[in-house]
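The values are calculated or read from the model by the stated rules, or taken from the named source; none is laboratory data. Computed from a prediction, not measured in an experiment: that's the story for all the values here. Because the Cβ atoms are built from the backbone with ideal geometry, glycine has one as well, and the counts that use them run over all protein chains shown.
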Amino acid sequence: MPSKKVIETKKLSRIFKNGEIEVHALTDVDMVIEEGEFVAIMGASGSGKSTLLHIIGCLDRPTSGEYNLDDVRVNELDKNKLADVRNQKIGFIFQSYNLLSRTTALENVELPLIYDRTGQFSNTKELAKKALEQVGLADRIYHKTNELSGGQQQRVAIARALVNNPALILADEPTGNLDSKSSIDIADLFVQLNNKGKTIVMITHEPEIAQFAKRMIYLRDGRIISDKIIEDRSTKEFALKELEKPVTP
Amino acid sequence: MKRFLKIFKVAFQSINKNRTRSLLTMLGIIIGVGAVIMTISAGEGATLQVQNQISGLGTNLLMIQTKSEHKAGINVRMGRPIDKKDFDMLQKNSVWMPQLSPLVAIGAQAIGPNGYMSTTVYGVSYDYFYITSREIELGSFFTEEDVKTAKKYCVIGETIREELFPGQDPVGRQIRIDKVPFTVVGLLKEEGTGGMGQDMDDIVVAPYTTIQNRLFGHQRGYNLIMASALSEDHIADAKIEATELLRESHKIKAGDEDDFEITTQIELQEITGNITGILTILLGAVASISLIVGGIGIMNIMLVSVTERTREIGTRLAIGARESDILTQFLIEAIVLSLVGGLLGIVFGIIGNQIIYKATDFFIPTAVYSILIGFGFSALVGVAFGYFPARKAAKLNPIDALRYE
């Protein structure tokens, strides 16, 4: 039985116009990501990975081409519908966590449910607690965000991305602000969530973190130059062991 | 509705997170609303006091005097003075004015056994006490007979008694007014400050005949004739009657202007009411400027807050907030700030009124409409000055907002 397509793009292009100069950030990107995948998108800065993430995340619209997200034709949506799609279908994780300061972990995780317009979530507090349990922060529910470590803050952000049970979890450099040990913990958390069936797309420029994913897409100058299944996936134990090896010049 | 409540909660949380800043922001509104309430109430209090004192004089009062005009800042009499002929004629012919009294006034020195003071001596007839509804505290008024025979009797006010007979009963004692000895026959009941701020008890009242004979040495005109109408309903009748009688006796041709002026108590109340009303509006307007300044303060802080929270706004947009949600949140924040400020301002204004009352004995009734104006104005300020920053927040591009450092 073929899996459901979560993301499907056809000839996706994005051109930024700055006066006379046209910048082709994305050119003819064809991509299909199915339910249950864990995809790492890599590329140098300027390769178009951020632009791709913004379009996938419904924060930006393509100049041309087609984008379907979980059977929704995103091209045709207006601003408010885009906001609703972001609210219902996507869980965002950012490099710098983007949590509300001086606010408890629980209140942060509840945030997406505040903007829900479908009325499907009745007990927001319970759902937020469950999400925090999933990321291993059951004992930090009432801690304020500024009382948590970087790794813990990113876990709160992941819980926030999980709480509305989205079709897609979108992570933008999730380990960019973390030390190596915490980075490995977060990557391992993604693997666990993926094992439970979550579809995850992660942008990163750290190869050792990308190695945790099932599939890797490499972008250069706005085009996909490689798209392959990762054969030797990294594990937490392996990555921690690698950390202890002396650096050879 | 539930979602709105949640957004309301979000707005409240962020106000609570920045407590010091929120309070300082509110300060402008607190002072503004407080000032509006205090100034409007003070104006109302002044009006009330003036009106009370004027009606205390007797609402049926009419004052007939020679027409005067302001010339180079001085009152210049334009016609012939009102005199005994006018008085007798009015007393004989008037139907609507049962009480009439001449009034001659002179500034003089009153000397008693224990002191002296400069005061105003009013020469009047017996009817004066009835017209002005003054009451006696000790002794009695002088009589109609005393006026006829120009007895050297007088009735004094409380302020005079305090100076001339401190702690003593003045009845039967002698005072000298410009070297003429008068016997004090009565002490007037205390009345306090008058409608124009004058001391109503700094007064010596004597028969006008005595004043004219002994102090003036002549019997020319009066300062004015005081009269009281039959009832409040007949003040207009009385005025018309007096006008007709005086025009006839002064032989003024039809079409020519009067050479006298008749002022009624009601006109006096209207005039002072107008003056204090204008004053209240003026003071209120000045006070509401501080409210607008307070509003600008709120706008300022909200703009800073929007810039400071650009990342937060970006995050909210990314996780599914619509523009309208962000607009609502920031608008509610501004409105809550100004409404809470408004409420505190009302409390501040009421307490301020009480403090002024306690400190100066000047009663300020906190006008209910001033509270409504203050509160309404602060809500309006919140919406007006909150909208611009809120719109700015809502229109942020989520991608740029997320990247904002």
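The figures follow:
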{"item": "Residue pairs meeting the criteria (Cβ under 7 Å; at least 6 apart or on separate chains; first assigned by TED's automatic domain parsing to the domain that holds B:L337 and assigned to a helix (DSSP H, G or I), in region B:4-17; second charged (D, E, K, R) and surrounded by fewer than 19 Cβ atoms within 10 Å (Cβ to Cβ))", "result": "B:K17/A:R102"}
{"item": "Those residues of region A:58-74 which are facing chain B (nearest Cβ under 8 Å) and touching a Cys at 6+ places or on another chain (Cβ under 8 Å), in sequence order", "result": "none"}
{"item": "Test for A:Q88: is it more than 8 Å from every other protein chain (Cβ to nearest Cβ), in contact (Cβ under 8 Å) with a residue 40 or more places away in the chain and surrounded by fewer than 22 Cβ atoms within 10 Å (Cβ to Cβ)", "result": "no"}
{"item": "Output for region B:1-51, where each listed residue is among the charged types (D, E, K, R) and within 14 Å of another protein chain (Cβ to nearest Cβ)", "result": "B:K2, B:R3, B:K6, B:K9, B:K17, B:R19, B:R21"}
{"item": "Condition check for B:I31: at pLDDT below 80, on the phi < 0 side of the Ramachandran plot, surrounded by 20 or more Cβ atoms within 10 Å (Cβ to Cβ) and out of contact with any Pro (no Cβ under 9 Å at 6 or more places or on another chain)", "result": "no"}
{"item": "Subset of region A:18-47 that is without any contact (Cβ under 8 Å) to a residue 24 or more places away in the chain and in contact with a strand residue (DSSP E or B) (Cβ under 8 Å, 6 or more places away or on another chain) - its residue that is surrounded by the fewest Cβ atoms within 10 Å (Cβ to Cβ)", "result": "A:E22"}
{"item": "Enumeration of residues in region A:91-116 that are more than 7 Å from every other protein chain (Cβ to nearest Cβ) and under 15 Å from B:K2 (Cβ atoms)", "result": "A:E110, A:L113, A:D116"}
{"item": "Residue count for region A:141-187, restricted to those that are within 15 Å of the chain's Cα centre (by Cα), touching a residue at least 40 places away in the same chain (Cβ under 8 Å) and not in a loop (DSSP other than H, G, I, E, B)", "result": "14"}
{"item": "Residue, nearest to the chain's Cα centre (by Cα), within region A:119-135, restricted to residues that are loosely packed, with under 15 Cβ neighbours inside 10 Å and either charged (D, E, K, R) or away from chain B (no Cβ under 11 Å) (or both)", "result": "A:E133"}
{"item": "Members of region B:364-403 that are surrounded by 15 or more Cβ atoms within 10 Å (Cβ to Cβ) and within 14 Å of another protein chain (Cβ to nearest Cβ)", "result": "B:A394, B:L396, B:P398, B:I399, B:A401, B:L402"}
{"item": "Meets criteria (farther than 25 Å from B:P81 by Cβ, touching a strand residue (DSSP E or B) at 6+ places or on another chain (Cβ under 6 Å) and either in contact (Cβ under 8 Å) with a residue 60 or more places away in the chain or surrounded by 17 or more Cβ atoms within 10 Å (Cβ to Cβ) (or both)) for B:R173", "result": "yes"}
{"item": "Pair list, Cβ < 6 Å and 6+ apart or interchain, from region B:190-203 residues that are at pLDDT below 75 to residues that are in a loop (DSSP other than H, G, I, E, B)", "result": "B:G194/B:M200"}
{"item": "Count - residues of region B:205-252 that are part of a helix (DSSP H, G or I) and either among the acidic types (D, E) or under 29 Å from B:S118 (Cα atoms) (or both)", "result": "15"}
{"item": "Subset of region B:177-192 [charged (D, E, K, R) and surrounded by 15 or more Cβ atoms within 10 Å (Cβ to Cβ)]", "result": "B:E191"}
{"item": "Complete set of residues in region A:207-237 that are hydrophobic (A, V, I, L, M, F, W, C) and either out of contact with any Phe, Trp or Tyr (no Cβ under 8 Å at 6 or more places or on another chain) or surrounded by fewer than 17 Cβ atoms within 10 Å (Cβ to Cβ) (or both)", "result": "A:I209, A:A210, A:M216, A:I217, A:L219, A:I225, A:I229, A:I230"}
{"item": "B:Q265 in contact with a strand residue (DSSP E or B) (Cβ under 7 Å, 6 or more places away or on another chain) and more than 14 Å from every other protein chain (Cβ to nearest Cβ)", "result": "yes"}
{"item": "Checking B:E312 against (1) in contact (Cβ under 8 Å) with a residue 24 or more places away in the chain; (2) within 14 Å of chain A (Cβ to nearest Cβ); (3) part of a helix (DSSP H, G or I), the condition it does not meet", "result": "(1)"}
{"item": "B:E261 being of a type outside the set (K, R) and touching a residue at least 24 places away in the same chain (Cβ under 8 Å)", "result": "yes"}
{"item": "Residues located in region A:8-45, provided they are more than 18 Å from the chain's Cα centre (by Cα), more than 14 Å from every other protein chain (Cβ to nearest Cβ), part of a strand (DSSP E or B) and not hydrophobic (A, V, I, L, M, F, W, C)", "result": "A:K10, A:K11, A:S13, A:K17, A:N18, A:E22, A:H24, A:T27, A:D28, A:D30"}
{"item": "Yes/no for B:G284 being touching a residue at least 24 places away in the same chain (Cβ under 8 Å) and part of a loop (DSSP other than H, G, I, E, B)", "result": "no"}
{"item": "Residues satisfying the stated conditions in region A:75-126, i.e. closer than 20 Å to B:T328 by Cβ and touching a Cys at 6+ places or on another chain (Cβ under 7 Å)", "result": "A:L82, A:R86"}
